[in-house]
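Working notes, structure below.
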Amino acid sequence: MKKVFSYLFLFTFFASCGEKAIYDNGTFQVWRDRVGQGGFIAKATSDSSLESTYASGFTIPVKNTVFFKLAINGIDNERDFAQNHQWMIPVGADSVTTPVFTFGQADPALQGDPVFLDRDVRVTFRVDMRPVLSSFKSKGFFETFNKTRIDSSGFQGVYIAGNVAPLTWDFGRLTSQPDFRLSDPDGDSVFTVTLNIPHKATPVSANTDGKWSQTRDLSGLPRYQSDSPLLNALYRMSLEEMLLNIREDGAFMAGKEWMGVWTRDISYSIHLALAGIKSESSKTSLLAKTADGRIIQDTGTGGSWPVSTDRLVWSLAAWEIYLSTGDRDWLGKAYQLISQSVETDWKTAVDPATGLIRGESSFLDWREQSYPRWMDSKDIYDSYALGTVSVYAHTLSILSAMSEELGKPEPKWSQAAMRAKKSLNDQFWLPDSGYFSQYVYGRVHKTAAPGSETLGNSLLVLFGLTDSSRSFQSIRRIPSYAFGTPTFHPQLSDVSPYHNQSMWPFVQAYYTLAARQTRFLPGVEHGLASMIRAGALFLTNKENLVISTGDFMGTEINSDRQLWSVAGQLAMVHRVLLGMKPTVKGLAIRPMVPPGYTDRQSLTGFRYRDADISLTVIGFGTRMASATVNGEPVEKVLIPADATGPQTIVINMNNEWKEKESLRLLAEARIPAQPVVTADEGTTGMTWQPVDGAVDYEIFRNGVAVEKTRETAFRFTGSGYSEYQVRAWSPEGPSLLSRPVVVSPTRIAIEAEGKTRGETIIGGFSGTGYLFYRTGKNPSASWSVNFPEAGRWELRARYANGNGPINTNNKCGIRTLRVNGTPVGVMVFPQRGDGDWTNWGESSGLVLDLKAGPNTFTLTEDAWNRNMNGQVNDFLLDQWEWVKVGP
């Protein structure tokens, strides 16, 4: 019977193929009732049901070349980035054993060309750990390639990471996967692990029976009706998935696979659409993400806040709720929470030199997916990320507007907003590219990364954080691919799809809104069609998809009914096609309807404050030709904030859609890997290994390009303090910059004064001991240093924090530094490994103006140093280092 249905379904589809598609980019097509992609079809069989023949094409064959690395305690500490073990699996065998690889040593070059595996293979990996174990026995510790000491008492095991399934390069996940842990059952120091390597992935259908039908009661929710069955069904499916994402406590979960209430997920979702549909669940969700009078930063890199700092996205959602409901009690409560959070950020995460907030990219919180491999938690804290900075700058404007609404204007908010806006434009704008950089990174001298980031560029346009010329350029210059607009461009060549090489529907929704605002009509059409295609073919609002294939399979993680994807789909109706936008003055309605989507659409049962909205839009076009509100003609549609009762709006569109521009769809572009630079302290130059695909290399000194070369070595040319970096150039563009090599004629290093204060010495430290900074027990420590000359000095500390892994938890160490009695800034000591207190590394840095002679330094625990955990704010401090960076 199922086969008969399929034939009838295909016959019905092809019988109507003479009808022109309303969108066709050569890869997929959209009609009013269906979507086509290759041989796949999704069709709305009614306003409340969809059917799809889509099946995943994720059948990538696996080559027999294995690249892998060993990881003591699950940390990437065997050799430098891209220096991996390599081996070819013999083809034709069902079970094989590798040669014995030696920890930390290079392997011989591979012989022969790689081929595809023809069957699953059971592989036993063997590794000689004697270099590590012998060092443990003779010295009590092992020193890694990057001079990190691992104490023998801190050895928790060795794990394997790699390029073929089931292996992963996500080192943060290794210790939670016992299958990746090697063992030495016979005690011969050769550790082994056996894994099954599949020769190809198994195709998975989007939906087991290829059907979706509405099962939830949607009464009480807004009712959208058009003459497009596809739009109607997707709207109803999204409303139903929204209801399925409401937990028993009334808060929104992040998606089918994510039961938690996450600050950024719920906030972007509420801002996009949910504030006007489910305001009470929206409030419940936001309040669930507050504690101690502040907004909670979700777990993130290095122990969450202040390395991850995008929690202020909460303010977008809170403001949207007020604009939609007019709830003044909510406004007062939200203002207090947001303002206290910003005040804390000012003391901890905002750079006083620029007025910009530091920290990780908003939502791109899996650091290996978008940052250079050499950047660890402290480097991310020291950087600026476009999406996070845009949210912060707009939050300041929201606070200014909130204080006005509350009748207590605070000029400091608008002043800070203006400064942040100026710095954002100064730091991030790439004039040659015509868009804003993904992030600004480096050490003392920072550089704007050459790639674009879609969410950040879209947000700053929507929030009015740049001028009209740059808004116009950036949305048109951000590259799009056939299946949508990628999260960032170009893609990293050595990182699997998730944030990299992907389209996220909620990001696509924001880009489409920005294209609408800048009147980039091809971007509006492409954005709408990309959202419709994914929802219809997959029969759910997926979390993400692979940008090159449009498939939901192939990314690292995915989920059905992802909340912000649901909200993005709803926003395409509410905010694009119907053009509804709540403002302080009222509900503005300015539809934008591409040709063919629908001739007539209506929304009823939509509650705006104390008004009941009944909206009808007739025709297509970029602007309205005429409109009435409650039967009275109006030039613009704005339902006043104090309106009550029924509000009946009828809008006739101008039936004009003049595309003076075109959307250039690119093939996927991947940049080369960043060079791995070698330069020992005291040398006069640096070298690096050749990068695959590179045609030449560009040398940077103090953030400025100074030379191009085809060589893989460079002799230092500058005097005084210098930071040298290299990037590789391929025909597709430049790589990210290499790790900074710091050259300075003046350094001062001292041991932290005082021993362990009775604590057990755990090893790996330098000198005779370390200080244990523990919450509430040693709130301050002071020391004096004599400086040979006045000037600008960068201070960093060598520390350990074993309170959690790099990629999760919330126990980042934070302390305030005072110089000669004056607070000068905050130092951050992020988590470096779960239970690993012998993993010593470098803290965040502070550039200080110091006098010649004695200077007194005091590290204190102040109220604003409270991290997201609230109870544990501990770390070990080993030594201090000052580097002279300027006069």
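The values are calculated or read from the model by the stated rules, or taken from the named source; none is laboratory data. From a predicted model like this one, the values you see are computed outputs, not experimental measurements. Note that each Cβ is placed from the backbone with ideal geometry, even for glycine, and that neighbours are counted across all protein chains shown. Quick note on the areas: whole protein, heavy atoms, side chains included, nothing else; ligands and nucleic acids left out. Shrake-Rupley method; radii C 1.70, N 1.55, O 1.52, S 1.80 Å.
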Query raised in the report: Hey, does region 779-789 have a residue that's under 32 Å from the mean Cα position of the chain (by Cα) and either more than 18 Å from E751 (Cβ to Cβ) or not acidic (D, E) (or both)?
Result: no
Query raised in the report: Does region 590-621 hold any residues that are of a type outside the set (F, W, Y), open to solvent by less than 20 Å² (accessible area, probe 1.4 Å) and over 21 Å from L230 (Cβ atoms), and which are they?
Result: A611, I613
Query raised in the report: Restricted to region 428-452, and to residues that are open to solvent by 10 Å² or more (accessible area, probe 1.4 Å) and part of a strand (DSSP E or B), which residue is nearest to V885 (Cα to Cα)?
Result: K446
**Report entry** Subset of region 78-96 [outside any loop (DSSP other than H, G, I, E, B) and open to solvent by less than 10 Å² (accessible area, probe 1.4 Å)]
**Finding:** H85
Query raised in the report: How many of the residues making up region 284-315 are in a helix (DSSP H, G or I), open to solvent by less than 10 Å² (accessible area, probe 1.4 Å) and either closer than 22 Å to W366 by Cβ or among the hydroxyl-bearing types (S, T, Y) (or both)?
Result: 7
Report task. Confirm whether F463 is open to solvent by 10 Å² or more (accessible area, probe 1.4 Å), under 19 Å from R664 (Cα atoms) and either touching a residue at least 24 places away in the same chain (Cβ under 8 Å) or of a type in the set (D, E) (or both). Result -> no
Query raised in the report: Taking strands (runs of 3 or more DSSP E) that fall entirely within region 766-844, which contain at least 3 residues that are open to solvent by less than 60 Å² (accessible area, probe 1.4 Å), within 14 Å of L859 (Cβ to Cβ) and polar (S, T, N, Q)?
Result: none
Query raised in the report: Restricting attention to region 120-134, does a residue exist that is within 33 Å of the chain's Cα centre (by Cα) and open to solvent by less than 70 Å² (accessible area, probe 1.4 Å)?
Result: no
Query raised in the report: What are the residues in region 331-358 that are open to solvent by less than 10 Å² (accessible area, probe 1.4 Å) and in a helix (DSSP H, G or I), if any?
Result: L331, A334, I338, S341, V342, D345, T348
Query raised in the report: Given the residues T856, T808, T822, T775, which is the only one that is touching a helix residue (DSSP H, G or I) at 6+ places or on another chain (Cβ under 8 Å) and either of a type in the set (S, T, N, Q) or under 23 Å from H445 (Cα atoms) (or both)?
Result: T808
Query - Residues satisfying the stated conditions in region 501-531, i.e. open to solvent by 10 Å² or more (accessible area, probe 1.4 Å), farther than 14 Å from G579 by Cα and in contact with a helix residue (DSSP H, G or I) (Cβ under 7 Å, 6 or more places away or on another chain) - result: P505
Report summary line: Selection from region 288-304 of residues over 12 Å from T263 (Cα atoms) and of a type in the set (D, E) yields D292
Query raised in the report: Among (1) under 23 Å from K43 (Cβ atoms); (2) of a type outside the set (A, V, I, L, M); (3) open to solvent by 40 Å² or more (accessible area, probe 1.4 Å); (4) in contact with a strand residue (DSSP E or B) (Cβ under 7 Å, 6 or more places away or on another chain), which single condition is T215 missing?
Result: (4)
Query - Among the candidates A353, A416, A401, A420, residue that is within 20 Å of N457 (Cα to Cα) and among the hydrophobic types (A, V, I, L, M, F, W, C) - result: A420
Requested in this report: Kindly list the number of the only condition in (1) over 20 Å from T309 (Cβ atoms); (2) part of a helix (DSSP H, G or I); (3) more than 24 Å from the chain's Cα centre (by Cα) that fails for S471.
Outcome: (3)
Report task. Give the residue that is surrounded by the fewest Cβ atoms within 10 Å (Cβ to Cβ), with candidates limited to residues of region 703-757 that are among the acidic types (D, E) and not in a strand (DSSP E or B). Result -> E711
Requested in this report: Pick out the one residue from I277, I266, I270, I296 that is among the β-branched types (V, I, T), within 23 Å of the chain's Cα centre (by Cα), modelled with pLDDT of 95 or more and more than 19 Å from M868 (Cβ to Cβ).
Outcome: I270
**Report entry** Residue in region 249-263 that is nearest to the chain's Cα centre (by Cα), counting only those that are open to solvent by 10 Å² or more (accessible area, probe 1.4 Å) and more than 24 Å from W212 (Cα to Cα)
**Finding:** W262
Query raised in the report: Here is a list of conditions, (1) out of contact with any Phe, Trp or Tyr (no Cβ under 8 Å at 6 or more places or on another chain); (2) closer than 30 Å to D680 by Cβ; (3) open to solvent by 30 Å² or more (accessible area, probe 1.4 Å), and G104 meets all of them except one; can you say which number that is?
Result: (1)
Query raised in the report: Say we look at region 20-77 and pick out the residues that are outside any strand (DSSP E or B) and of a type in the set (A, V, I, L, M, F, W, C); which of these is surrounded by the fewest Cβ atoms within 10 Å (Cβ to Cβ)?
Result: I60
Report task. Report yes if some residue within region 145-155 is part of a strand (DSSP E or B), open to solvent by 50 Å² or more (accessible area, probe 1.4 Å), within 17 Å of D836 (Cβ to Cβ) and in contact (Cβ under 8 Å) with a residue 12 or more places away in the chain; otherwise report no. Result -> yes
Requested in this report: Just name the residue that is surrounded by the fewest Cβ atoms within 10 Å (Cβ to Cβ) out of those in region 570-589 that are in a strand (DSSP E or B) and touching a residue at least 40 places away in the same chain (Cβ under 8 Å).
Outcome: A588
Query raised in the report: Looking at region 854-873, is at least one residue closer than 21 Å to G763 by Cβ, open to solvent by less than 40 Å² (accessible area, probe 1.4 Å) and in contact (Cβ under 8 Å) with a residue 40 or more places away in the chain?
Result: no
Requested in this report: Search region 156-197 for residues being at pLDDT below 90 and under 13 Å from N73 (Cα atoms), and hand back the single one that is least open to solvent (accessible area, probe 1.4 Å).
Outcome: L174
Requested in this report: Determine which member of the set T290, T354, T299, T348 is touching a strand residue (DSSP E or B) at 6+ places or on another chain (Cβ under 6 Å) and β-branched (V, I, T).
Outcome: T348
